[in-house]
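Student: Pasting a structure here, questions to come.
The values are calculated or read from the model by the stated rules, or taken from the named source; none is laboratory data. Since we're looking at a predicted model, the values are computed, not measured. Virtual Cβ from ideal backbone geometry, glycine too; neighbours counted across all protein chains shown.
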Amino acid sequence: MSTSPPVSPPGAPPPTSRRNLRASYAVGLFSMGQAELLTMVVPLWALLQGAAPTEIGTLVGARSLLTFFLAIHGGALMDRLGTRRVMLFFAVATGILAALYPLLPWFPVMVGLQMLIGFAGNMAWIGAQTLIAQVTRGDPGQIGKFSFFARIGNVVAPILMGLLWDVAGPTISFLGVTVWCACMFAAVSRIDKPPPGSALVGRVTWRDILPRLQDYTGSLKLIVIPAVAFTLAISFTRHATNGVENSFFIVYLREVGFAGTLIGILFSIAEIANGFGSLLSGRAAKLMPIPWLMVGFTMASIVLLAITPLLGGVFAFLAIAHSLRRGFEGIVQPLMFSLQATAVPRELQGSVVGLRVTNNRLSSIITPVAMGLIVEHFGTRDGFLVMGAILVAGCAILAVVVARTRSLSR
């Protein structure tokens, strides 16, 4: 007597396939890595063109401008047209734009390229997050592995770009970004047809890709879901600590006499810890409710950053504290992805990722300015403690919210 394989009911998500899962891990690696490639090569190229510090800062900032305004639209676009199709387009767009840099070495044109490639690259990362949420259906263990592979891209890409720049020069370096994007295109191509039932099939018109007011209002309405509102608050807080780390933490290390190479080593060690922390998220999720884990590890990471001036400028102490902090953040990120993915319907995964990215960009804009004002008033040493106290107080409020919200605390 033969038995037929079980058939999923109509509308049910297909079982996770190994091919889709492995392809999603590769997409995470290449999408995160391409951002690191561009972060390194563009300032070097600008210096070669004789750009002033203000111009270099403008170029770096220009990458986030379109993303802040269009991330929600990009996420909704993936829900509407299918994540796979949109990612393939932006992989090609990023590769083409990267190849144009050596041909157009004029500052105003470079600013325009930065805005476009920053948006295209960020859409690739939004797509990668959307893909893994769709493929895994929010499984924290599998999303943790995705985050680990993304961190590999973070670590490997700058090293490869540095070698290319030193050995082959700027033109080949930018073409290297194009080749990297081609690898991302190949990885996305391995994904099966996009799972969202609302994804369009057939021809796409200009009307389909233009921003729509309802995309923004629809995404903002997701905030009424407790899990979404909570993860946005946690994400804002996490990116606030990263804003401090990428600005005044580096300033502090220079003030206590650390050379640039030693600072780079410190950050590399912490990035590795972040990757391994993400692998622990699946096990951590089995110990207690995810929201409590997110609050606890986020608060611990804030404290570890706030005590920086109390460590006496000793490299070993700073490395341990910074690695623990980034390791805790590595645990939190997949849990955050998982909580949002399970709280939102599959056809809105892109929208919620776009909403989170917009939220993160806002945090990245506000925090360095706020930290600058605090440091001007209190000094660098006390500034860390004051900012830490503010963020810990925010986490304490989130803990109260979790305790009083039944859907989060259980």
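Student: Among the residues in the range 350-368, are any under 30 Å from Leu213 (Cβ atoms), among the basic types (Lys, Arg) and surrounded by 24 or more Cβ atoms within 10 Å (Cβ to Cβ)?
Tutor: yes
Student: From the list Arg325, Arg361, Arg381, Arg346, which residue is closer than 16 Å to Val228 by Cα and of a type outside the set (A, V, I, L, M, F, W, C)?
Tutor: Exactly one of Arg325, Arg361, Arg381, Arg346 is closer than 16 Å to Val228 by Cα and of a type outside the set (A, V, I, L, M, F, W, C), namely Arg346.
Student: Here's another thing I want to ask about it. In the same structural domain as Thr171 (by TED's automatic domain parsing) and either within 17 Å of the chain's Cα centre (by Cα) or of a type in the set (Lys, Arg) (or both): is that true of Gly118 in this structure?
Tutor: yes
Student: Now for a separate question. So which residues in the range 279-295 are farther than 17 Å from Thr342 by Cβ and within 21 Å of the chain's Cα centre (by Cα)?
Tutor: Of everything in the range 279-295, those that are farther than 17 Å from Thr342 by Cβ and within 21 Å of the chain's Cα centre (by Cα) turn out to be Leu279, Leu280, Val295.
Student: What single numbered condition from (1) closer than 24 Å to Asn360 by Cα; (2) of a type in the set (A, V, I, L, M, F, W, C); (3) crowded, with 22+ Cβ neighbours inside 10 Å; (4) over 18 Å from the mean Cα position of the chain (by Cα) fails to hold for Ala93?
Tutor: Every listed condition holds for Ala93 apart from (3).
Student: Now a separate question. Can you find even one residue in the range 117-124 that is in contact (Cβ under 8 Å) with a residue 24 or more places away in the chain and surrounded by fewer than 23 Cβ atoms within 10 Å (Cβ to Cβ)?
Tutor: Within the range 117-124 (the criterion being in contact (Cβ under 8 Å) with a residue 24 or more places away in the chain and surrounded by fewer than 23 Cβ atoms within 10 Å (Cβ to Cβ)), the answer is no, since none of the residues qualifies.
Student: Return yes when Gly61 is part of a helix (DSSP H, G or I) and either modelled with pLDDT of 80 or more or out of contact with any helix residue (DSSP H, G or I) (no Cβ under 9 Å at 6 or more places or on another chain) (or both) and no when it is not.
Tutor: The answer is no for Gly61.
Student: Continuing with this model, one more query. For the condition closer than 30 Å to Leu287 by Cα and surrounded by fewer than 24 Cβ atoms within 10 Å (Cβ to Cβ), what is the one hit in Gln142, Gln129?
Tutor: Just one listed residue meets the conditions, Gln142.
Student: Same structure again: For the range 186-214: of the residues being modelled with pLDDT of 80 or more and surrounded by 20 or more Cβ atoms within 10 Å (Cβ to Cβ), which is farthest from the chain's Cα centre (by Cα)?
Tutor: This residue is Ile191.
Student: Of all residues in the range 397-410, count the ones that are in contact (Cβ under 8 Å) with a residue 24 or more places away in the chain and either surrounded by 13 or more Cβ atoms within 10 Å (Cβ to Cβ) or in a helix (DSSP H, G or I) (or both).
Tutor: 8
Student: Starting from residues that are surrounded by 15 or more Cβ atoms within 10 Å (Cβ to Cβ) and farther than 20 Å from Gly312 by Cα, keep the ones in the range 371-389 and report whichever is nearest to the chain's Cα centre (by Cα).
Tutor: By that ranking, first place goes to Met371.
Student: Only one residue in Gly383, Gly330, Gly372, Gly282 is part of a helix (DSSP H, G or I) and more than 25 Å from Ala399 (Cα to Cα), so which one is that?
Tutor: It is Gly372.
Student: I've got another one for you. How about the range 308-325: which of its residues are surrounded by 14 or more Cβ atoms within 10 Å (Cβ to Cβ) and more than 22 Å from Phe276 (Cα to Cα)?
Tutor: Of everything in the range 308-325, those that are surrounded by 14 or more Cβ atoms within 10 Å (Cβ to Cβ) and more than 22 Å from Phe276 (Cα to Cα) turn out to be Thr308, Pro309, Leu311, Gly313.
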